[in-house]
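Below you'll find the structure, written out as structure tokens, and then a few comments.
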Amino acid sequence: MKIPQLTMQATFPQLSMTIERGFMHMRQSQADMSIEQPQPQVEMKTTPPRLTIDQTEARADVDLKHIFRRIEEAAQEGYASWLSYLETTAIQGDELMRIEQGGDVLALQAQANSERPPFDYNVGLIPRPFSVKIGFEPGRLDMNWQTFSARIHIEPRPVQIDYKPNVVHIDLARHNNLRIDVTV
């Protein structure tokens, strides 16, 4: 007796996977930047120092006078001499008016008018101490600064990103199969 035989032949399913690689590229462009620094401005004003030396009196002491001063002194001396003469004349006239009161008025006046005044002498041509006048005004320096802040302008550029994600394709490469054969 023959027994029927069953033969089974199975094929398993098979998957196929294909992967498309993703990528990412980033590009960052340089930012536009401008910096401007204006020059500072300086304004300077100087007043120079001043030294004054006045030696007019020292020169007058050594008889080096200006002509205008000589004329003024001569005029003052003439006026003082005239006033002295008037005073002397008036006094002598008053004395002569009272001649009847006695005394030897004429002889005394003759003697006073004939005598020279006492000679006044001194060491000449030496200036008095501190006759030179010195004045000093210090100088000044005024500075005015104007500074300006830097002007900075920045224009950033956005990041450029190219991105493609990974893609996985899953397909059924082979279907499953079951084959059953009966053999007798």
>> Please count how many residues of the stretch 55-67 are closer than 15 Å to residue 126 by Cβ and either in contact with a His (Cβ under 7 Å, 6 or more places away or on another chain) or open to solvent by 70 Å² or more (accessible area, probe 1.4 Å) (or both).
In response: 4
>> Return the residues of the stretch 131-175 that are of a type outside the set (S, T, N, Q), more than 30 Å from residue 41 (Cβ to Cβ) and either open to solvent by 100 Å² or more (accessible area, probe 1.4 Å) or not in a strand (DSSP E or B) (or both); say none if nothing qualifies.
In response: 132, 133, 134, 136, 156, 157, 158, 163, 165, 170, 174, 175
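Do we have residue 168 as at pLDDT 90 or above and closer than 30 Å to residue 25 by Cβ here? Steps first, answer last, please.
Numbers: at pLDDT 90 or above: yes; closer than 30 Å to residue 25 by Cβ: yes.
Yes.
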>> If I ask for residues that are assigned to a loop (DSSP other than H, G, I, E, B) and either in contact (Cβ under 8 Å) with a residue 40 or more places away in the chain or at positive phi (or both), which ones from the stretch 49-67 would you list?
In response: 49, 55, 62, 63
> If you check every pair at least six apart or on different chains, which have Cβ atoms under 7 Å apart with a residue in the stretch 1-15 that is more than 11 Å from residue 181 (Cα to Cα) and of a type in the set (Val, Ile, Thr) first and a residue that is open to solvent by 100 Å² or more (accessible area, probe 1.4 Å) and not in a loop (DSSP other than H, G, I, E, B) second?
Replying inline: 11/174
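Any residue that is in contact (Cβ under 8 Å) with a residue 60 or more places away in the chain, loosely packed, with under 10 Cβ neighbours inside 10 Å and out of contact with any Cys (no Cβ under 7 Å at 6 or more places or on another chain) - is there at least one of those in the stretch 68-84? Walk me through it before giving the result.
Restricting attention to the stretch 68-84, the residues satisfying the condition of being in contact (Cβ under 8 Å) with a residue 60 or more places away in the chain are none.
Checked the stretch 68-84: no residue is in contact (Cβ under 8 Å) with a residue 60 or more places away in the chain, loosely packed, with under 10 Cβ neighbours inside 10 Å and out of contact with any Cys (no Cβ under 7 Å at 6 or more places or on another chain).
For the stretch 37-48, enumerate the residues that are open to solvent by 90 Å² or more (accessible area, probe 1.4 Å), outside any loop (DSSP other than H, G, I, E, B) and among the polar types (S, T, N, Q).
Kept after step one, since they are open to solvent by 90 Å² or more (accessible area, probe 1.4 Å), are these residues of the stretch 37-48: 37, 39, 41, 43-46, 48.
Okay, now just the ones that are also outside any loop (DSSP other than H, G, I, E, B), so 41, 43-46.
Passing the criteria: 41, 46.
If I filter the stretch 123-135 for residues that are without any contact (Cβ under 8 Å) to a residue 24 or more places away in the chain and more than 54 Å from the chain's Cα centre (by Cα), do I get at least one hit? Don't jump to the end; show me each part of the working.
So in the stretch 123-135, the residues without any contact (Cβ under 8 Å) to a residue 24 or more places away in the chain come out as 123, 129-130.
Narrowing the set further to residues that are more than 54 Å from the chain's Cα centre (by Cα) leaves 123.
Checking the stretch 123-135: at least one residue is without any contact (Cβ under 8 Å) to a residue 24 or more places away in the chain and more than 54 Å from the chain's Cα centre (by Cα).
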>> Just to verify a result, which residue in the stretch 22-36, among those that are under 20 Å from residue 151 (Cβ atoms) and of a type outside the set (A, V, I, L, M), is most open to solvent (accessible area, probe 1.4 Å)?
In response: 30
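Being in a loop (DSSP other than H, G, I, E, B), open to solvent by 90 Å² or more (accessible area, probe 1.4 Å) and at pLDDT 85 or above is the requirement here; does residue 108 meet it? Even if it seems obvious, please write down each step before you answer.
On the way: in a loop (DSSP other than H, G, I, E, B): no; open to solvent by 90 Å² or more (accessible area, probe 1.4 Å): yes; at pLDDT 85 or above: yes.
Considered against the rule, which asks whether it is in a loop (DSSP other than H, G, I, E, B), open to solvent by 90 Å² or more (accessible area, probe 1.4 Å) and at pLDDT 85 or above, residue 108 comes out as no.
The values are calculated or read from the model by the stated rules, or taken from the named source; none is laboratory data. Keep in mind that what you see is a predicted model, and the values were worked out from it rather than measured. Note that each Cβ is placed from the backbone with ideal geometry, even for glycine, and that neighbours are counted across all protein chains shown. Side chains are part of the model used for accessible areas, which takes the heavy atoms of the whole protein and leaves out ligands, DNA and RNA. Shrake-Rupley method; radii C 1.70, N 1.55, O 1.52, S 1.80 Å.
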